[in-house]
Every structure is written in C-alpha cells, then in structure tokens.
Amino acid sequence: MHRFRTPNNALGARTRTGMGSLRLVCFDAHVLLAFEAAAEDSRTESARDSWLATVQYAIVDGEKPRHLGMLSTSRSWAEWQGKARHGKARQGINVKPAKAIWTLFAVIINAARLPIWMIWYVPVSMRPHPAWSYKQSIMVQIVKSFLWNASMVHMKTPLSLKPLAERQKWTVAPPASSTTYMGPANADPTIKPEPLGGTWYPTPPPQGGLNKPKIAVIHFHGGAYVIGDGRTNDAGFAAKTLIQQTEATHVYAPQYRLSSNPGGQFPAALQDAITAYAYVVHVENIAPSKIVLSGDSAGANLALALTRYLTEYGSSVGLELPLATWLWSPWVSPMGSLTSESFDKSPNKPTDYVTASFGSWGAQTYQPRKETGITLDHPYISFESQHVFSTPIPIYISTGECEVLYHDDVRLAEAMASIKGNHVTLQVEEHSVHDTILTGRLVGFEKEAIQAAKRAGDWLRGIEKAAKL
C-alpha cells in the first residue's frame, strides 16, 4: 500500500491574533458554552453528567414529547443519551409540532452561540486545532450544530426528477435491463430499480461519448445516506474542484435514493449506483477505461460497494471495469455508527463536525428491512476487515487527519492493501476535517480540498500511464 501524508507546510498558515477579553461573556453565555461542550465534546464526559441544560428539549425516545421551556432540568445529558450509551440506537423527533418547536429553539440558541464562538476562538489556543484559522474554527462548530439538529428532527430531503435549477445539466437515466441487477442488488424484493436523476458538470458530454484523452467521473455525494442530492448547491464545489485539479472533463453526480425517504433503505442506493454506471457506459457511450468512480463519505461507501459489485458481477452483466476509484473520507462502517460508542472513543471528535447522532440516523434508516434477513454487517454495507475484497480496480483513499473517521479509513486502506493484487493508496491530509471535497468551501477548508484533489489527479495520471504499458 502506498501511504502519504501532507507536509506540515503544505496547508495554509495559521491565523495569528492577539488575546481577546473574555470577560464580556455573561452567565447565560457560559451556560450555552457548557451546553455546547456537554453536547458535542468528548473531552467533557463528566460535564455531561453534571451540567444542567438551559432548555428542556422535546425528546421522543418512545415517550410523549416533553414540555419545552427556558428552564433548568435535572435530566443530565448522559441520561438523555442513555439509549445510545447502552448500545441502542437513539431515535429522533418524529412528531411534527415537536419538530417545529425544536427547530425554532435551535435557531434561537445557535444565533446566541455565534457571537460567543466569535469571541471564544479569537485566541489560537482556544481553537479546536492550533493549525486552524479563525474562520475554520467557527464554521466547523456551525456545521456540527446543523448536523446535530438535523439528525434530531430527521430532516427530509425531497428528490425530484425535474431539472429545476440544473436545466441543461440535468438528465434522467432509465433503469438498466433487469439482468443487470444481481445478488445484493436484489436483496429486497420490495425495492426495484427506478429512473435516476443526475447532474452533469459542466454539461452532459457530447453525443457519441467522450474523446479518447478525456475522463468522466461518476461521483456519489455524501450525507450519511439521508441528505444530499448531487445538484449544484450540494455537489457543485466537488465537481468543479475535480474538473479543475484532475484530468476529468466531466463529472456525473447521480441523485440516488435516500434512506430518509420511504423505500430508500439498502439496496436502493446500490441499485441506483448500478443504474448510473450502466447509463454512462451504454447510453452516454463512455468507455469504462475512461471512467473513474468517486464518492465522499456515505457516497464513498456507495462507490466502494459499486467497485465490489463490478468486480464480482461486472463480467456477468456486461459491464467492464472502470479505470479507478476515488474514496474521499469513506464511511467504512454504518454498522459501527448505530450507537455513539465509536464516535465517543474517537480522539478526533473535538476536531470534526460529524456527530454521533448524524451517523446513527443514517445507519438506522439505511439498514435493510428485517424481512430480508440482512443486517448492516453485510459485505456491501460495512467494509470492516472481515469484508474487504480482492479487486483489480486501483483505489485511492483520501482522509483527514482530524476527522472522526480517520482511524476507520486507515484500517480500511491497510486491510484492502493486504490482499495480494490490490492496488491501494492512502493519502492523509494533515489538519483536515471530514469530507473537504464536498464541504471545503463551506467550512473554510477550500484550499485543503483543492490540494487533495490535485494529489488524486497526480495519482490517476500514474494509473493511466501504467495501464498503457
């Protein structure tokens, strides 16, 4: 296995500011900071058991919604988290009035948090990571708070087959022939292949396919299988970055079915991934040798599942293997995300925006129906050491040194590389958080995302050169 780390001086210089006065923070602000720490920071385990929450939220762990109000409650954070602590998946809020009230209070509380963060992170010593800029420190907290609240209310992402704002970029791919879907793709008889919407960047390829030197990337967006749609506002930055920093001239981002919507659990997304590949090969007439599979976070989990499927079934269903696979911050084990244990034990929890509740939400909804007899510990869902596989498709794994999935990603790379014949490269981006290829512009890690894409492009050129020998 080839393993690389970014040199210390490769990332942006630290933002240096003078020490600011924190005496302006009033008592209520201290309570908010304590609540934030208790809710999100693994370094404050004892605080979770002792701090009184400012707001008594409506929690629906099989109970009626509780009263909401600006009052203290002796129900500690650890007690609230009890179900996840004891190995059970935490449930979100499923009552519409409670969702509305939760959302309102989330907006109010986070509006109050913002000026506190703006003061708190002025000193470099107070930032989650000393190498982070002022903007990065604040934006990571904002995104973390958003994901936490989104997972509490089980936010819906409606999907449409209409072009909407994407206009000429938008295409709808028909399902491939029924014989294209084999094995795990037929794991649930109630889930069938459906028409698949998708966005092409910058535009769909010219009729007749791409010219010889060009590369097309099929990129699966992240979002724990519960949010995202591959459209411009979602995957536009990732697509633009890949086109600018690699030899790719076109990126196709499929709008695969989400498990937060009815009928979106496994194997719906796998079916859509197969549909996407068959469409690009057979409808757009792009040679598999000019296709790179790509995915970030949950999308990387899906890209790896498609890599496995093409390796095991491709020759039987008339689909040749692609040139390579890029995995950006892959979500290796949805099985391990059912509870908060793996997140709580991660030393990188304080330096990432991904929350345990977000991963748990995705894992709960993505797991197959009980009637199928399949669990999340399935070789097409969780890629832990017992489920790695042999493949001739070269794989490039990019992970952030500061993300909670870092250790899982390293173990995945090592396990895949241990199989004779596999070509696996691991790139560790120093000081980077989760999935910068998707969220880099949002969280202030745009430069890091560009550098990561450039390195992936350099690697791909080496793969192309080796393929010609």
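The values are calculated or read from the model by the stated rules, or taken from the named source; none is laboratory data. In this text the structure is predicted, and so the values were computed from the model without any measurement. Methodologically, a virtual Cβ is constructed for each residue, glycine included, from the backbone with ideal geometry; neighbour enumeration extends over all protein chains shown.
General observations
- Within the range 306-342, if we keep just the residues that are of a type in the set (Phe, Trp, Tyr) and within 22 Å of the chain's Cα centre (by Cα), the residue that is nearest to Pro392 (Cα to Cα) turns out to be Tyr309.
- Selection status of Ser342, closer than 30 Å to Gln136 by Cα, surrounded by fewer than 20 Cβ atoms within 10 Å (Cβ to Cβ) and among the polar types (S, T, N, Q): yes
- Condition check for Val332: in contact with a helix residue (DSSP H, G or I) (Cβ under 6 Å, 6 or more places away or on another chain) and modelled with pLDDT of 95 or more: yes
- Any hit, the range 370-384, residues being free of Cβ contacts under 8 Å to residues at least 12 places away in the same chain, part of a loop (DSSP other than H, G, I, E, B) and either touching a strand residue (DSSP E or B) at 6+ places or on another chain (Cβ under 6 Å) or of a type outside the set (Phe, Trp, Tyr) (or both): yes
- Matching residues, the range 101-130, being over 27 Å from the mean Cα position of the chain (by Cα), in a helix (DSSP H, G or I) and not aliphatic (A, V, I, L, M): Pro115, Trp120, Ser125
Yes/no per residue for (1) assigned to a helix (DSSP H, G or I); (2) at pLDDT 95 or above; (3) touching a helix residue (DSSP H, G or I) at 6+ places or on another chain (Cβ under 6 Å):
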{"site": "Thr249", "(1), (2), (3)": "no, yes, no"}
{"site": "Ala253", "(1), (2), (3)": "no, yes, yes"}
{"site": "Ser289", "(1), (2), (3)": "yes, yes, no"}
{"site": "Leu293", "(1), (2), (3)": "no, yes, yes"}
{"site": "Leu306", "(1), (2), (3)": "yes, yes, yes"}
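- Yes/no for Ser316 being under 17 Å from Val410 (Cβ atoms), in a helix (DSSP H, G or I), assigned by TED's automatic domain parsing to the domain that holds Ser289 and of a type in the set (Ser, Thr, Tyr): no
- Only one of the numbered conditions (1) touching a strand residue (DSSP E or B) at 6+ places or on another chain (Cβ under 7 Å); (2) crowded, with 21+ Cβ neighbours inside 10 Å; (3) not hydrophobic (A, V, I, L, M, F, W, C) is violated by Glu430, and that is (2).
- Tally of residues being touching a helix residue (DSSP H, G or I) at 6+ places or on another chain (Cβ under 7 Å) and part of a loop (DSSP other than H, G, I, E, B) across the range 269-287: 1
- Of the residues contained in the range 401-417, one or more are found to be surrounded by fewer than 21 Cβ atoms within 10 Å (Cβ to Cβ), out of contact with any helix residue (DSSP H, G or I) (no Cβ under 8 Å at 6 or more places or on another chain), within 19 Å of Pro128 (Cα to Cα) and of a type in the set (Asp, Glu).
- Matching residues in the range 285-298 - criterion: being buried (at least 21 other Cβ atoms within 10 Å of the Cβ) and touching a Leu at 6+ places or on another chain (Cβ under 8 Å): Ile286, Lys290, Ile291, Val292, Leu293, Ser294, Gly295, Asp296, Ser297
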